[in-house]
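Accompanying notes for the structure given below.
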Amino acid sequence: IGLNLTAPIDERITIFSQFLATQEDDSYVSHLDWGFVAVGLTDEVTFRAGKMKFPIGIVNEYVSVGNAYPWISPPMLFYTEEHSGANITRESYSGGSALWEHSQGDMNMSADLFGGEITLGETQVRNMAGIKLHLDWNEEITFQANYNQGIMRNTPMPVMEGKNHTTTALGMRIDWNDIIGYAEWAETDMETAIMNGSSWYATLGYQFGDWLPHLTYQYFERGGGSTSAQEQNMTTAGLRYDLSDTADLKLEYSVINTEKGQGLFENTPVDDSANRFGVAVDVVF
């Protein structure tokens, strides 16, 4: 459950916030998803400061809004925040951002220079700086490129203390003539072989009226060449049915193959392959 609040201060200053309540065991826990102040310096340049959505990932800015994408949840091998994953993206970061946005006909483009810190489990990535480049044509074809680097502090692995954490990501989205497509790739370099990783996924679907069948393949690897190597892939067949403009029903069937290590499982699986079935209803109000 999410609650968005917007408070305009004057013509150029606005405060934005979003609170989320997520289920943990038998209760709901609420937290501030993001909250920041935005100052419009010009019609195209905005400065923002506070807790903001981490700008890596095509859908990361609305990852908690299930009605905005075809899956029950975004491809987990790419978007996971588990420390055992590729450590590509996070819910939010604390810091500042200088955002430039420009429109030319059907073309929209933006550049976001950002900096601050994020948390990776018990580790903080501080003195982080990065850039996001975004280009879309009439909201039908979108391209995005990201790069950021920071210094790891308070890590439970002393060998990683003070080393750089660098992430590079590329992505695209298509919503054209009823064809729906997503593709993203990213790699993370922590200057430590067992922690360096990468992930990618591709989704293709076709909209038949209110029905959207889609197929997704995703892949994750970490620590390639080391004795602690992790490698996992997942194939998902899904179906989304739009109940209304603000509600949908989703069904998914996935086959998860763990080639090396435990992947995102808590323990090393007994079998290399596991099946998963999911059902979800998304409502926006």
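What follows is calculated from the coordinates using simple rules that are stated; it is not laboratory data. The shown structure was predicted, so the numbers you read here are calculated from the model rather than taken from an experiment. No Cβ is skipped: glycine too gets one built from the backbone with ideal geometry, and neighbour counts run over all protein chains shown.
Points to keep in mind about this one:
- Residue list for the stretch 266-285, given a label point 7 angstrom along the Cα-to-Cβ vector of Tyr241 and an amide N cut-off under 14 Å: 279-282
- Under 19 Å from the Phe208 label point (7 Å along Cα→beta-carbon), backbone N, the stretch 34-76: 70-71
- In terms of surrounding Cβ atoms within a 10 Å radius of their Cβ, Tyr62, Tyr219, Tyr28 rank from fewest to most as Tyr28, Tyr62, Tyr219.
- Each of Tyr201, Tyr217 was scored by other Cβ atoms within 10 Å of its Cβ. Arranged with the fewest first, they read Tyr217, Tyr201.
- For Ile118, the residues 5 or more places off, or on other chains, whose built amide H falls under 5 Å of its own are Val125.
- Among Ser228, Ser198, Ser254, residue whose mean-square fluctuation peaks in a GNM of the chain (springs only between Cα atoms under 10 Å): Ser228
- Between Ala7 and Leu251, the C-beta separation translates, for a Förster distance of 35 Å, into a calculated FRET efficiency of about 0.35.
- Summing +1 for each Lys or Arg and -1 for each Asp or Glu among the other residues whose beta-carbon sits under 12 angstrom from that of Met76 gives -2.
- When Phe78, Phe19 are arranged by Cβ crowding within 10 Å, least crowded first, meaning fewest neighbours, the order is Phe19, Phe78.
- In the chain, helices alone account for a calculated mean residue ellipticity at 222 nm of 0 deg cm²/dmol, with every DSSP H run of four or more residues adding -39,500 (n - 2.57).
- Test item: Cα-centred dipole of the stretch 98-251, Lys/Arg +1 and Asp/Glu -1 on Cβ, debye: 600
- Listed values (1) 45, 42, 39; (2) 59, 52, 41; (3) 62, 35, 34 include one computed from this model; for Cα extents along the principal axes in Å that value carries the label (2).
- Hits among aspartates and glutamates - C-alpha to C-alpha of Lys163 under 13 Å, sequence gap 8 or more where chains match: Asp189, Glu191
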